[in-house]
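Reviewing the structure listed below.
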Amino acid sequence: MSRYAVLIGLPLVLVALFIAVPWRTAAQGSRATPAAPLPGEMVTFAAGGFASAETVNYWVQSPSGVLLGSPAYAVQADAGGSATWQWRVPRGAIAAPWLMVGYGRSSGITILIEFVVTEPDERDPRYPAEVMGRVTPDQGLPGYTFSFFARAFDGSERVAYWLNAPDGTLIGDRSFNVDAEQGRAEWEWRAPEDAPPGTWRMVARGTHSLHERVLTFEIRTGQ
């Protein structure tokens, strides 16, 4: 990776620090735990090779190249030059490889730790039992296609769904339905180009079980 590839969007304080110190990399004992986290899960990062007791700044590079961080993202390495810190994956994070960057303020040592955000799957033992559905992404612009799943329906029953717009308007018709498979229903909806911004609610209801799931997401402007 280029020295300058990780600068875009970085807070100016860190950019100045980054440019002022020689670029080096080290990967002694670096790891992410878990290495394949779910959206919303806390990840612990560990890295060695820094200078003794130096300040280590860190930030995250998303798959699209956007950087998440601030000057407050900092920890102190121990006497042996090892540092440990935590970062929670955003709930709307896309499933793809992400990159954690650890930067030694005095040594200039930069360590890159790759981790892979994974798609939620109820068969995963880490999957929260209370989650009965999900929207991906959980926020987007007018014209976006949102993917939904909801579970705990009866077998392969028909599931009807509709939307409550921010102003309370109901959107739906007879075509808004899907067959569940083993109690799980999946479907997509494309927001109109003129969809008003605000909180939207997708409601799914089993026609036999009458089980109902409400999935909340945001439509925002492009400003």
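The figures follow:
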quantity: Length gained when the stretch residue 119-residue 139 is fully extended (0.36 nm per residue, less Cα-Cα span); calculated: 5.5 nm
quantity: Label point distance in nm, residue 216-residue 184, each placed 7 Å from Cα along Cα→Cβ; calculated: 2.5 nm
quantity: Trypsin sites (Lys or Arg not before Pro) restricted to segment 132-223 and DSSP loop, no more than 15 other C-beta within 10 Å; calculated: 174, 220
quantity: Distance in nm between pseudo-label sites at residue 171 and residue 76 (7 Å out along the Cβ direction from Cα); calculated: 5.3 nm
quantity: Residue-span extension gain [residue 51 to residue 147] - 0.36 nm each, minus C-alpha spacing; calculated: 30.0 nm
quantity: Under 9 Å, Cβ to Cβ, from residue 146 - net charge with Lys/Arg +1 and Asp/Glu -1; calculated: -1
quantity: Net dipole in debye of segment 133-219 [+1 Lys, Arg Cβ; -1 Asp, Glu Cβ; about Cα centre; nearest 20]; calculated: 200 debye
quantity: Percent breakdown of C-alpha pair distances by 10 Å bin, ordered from the shortest bin, for segment 51-198; calculated: 9, 27, 25, 19, 12, 6, 1
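The numbers here are math on the coordinates, done by the rules we state, and not lab data. Not measured: the values here are computed from a predicted model. Reconstructed Cβ throughout: ideal geometry from the backbone, glycine too, with neighbour counts over all protein chains shown.
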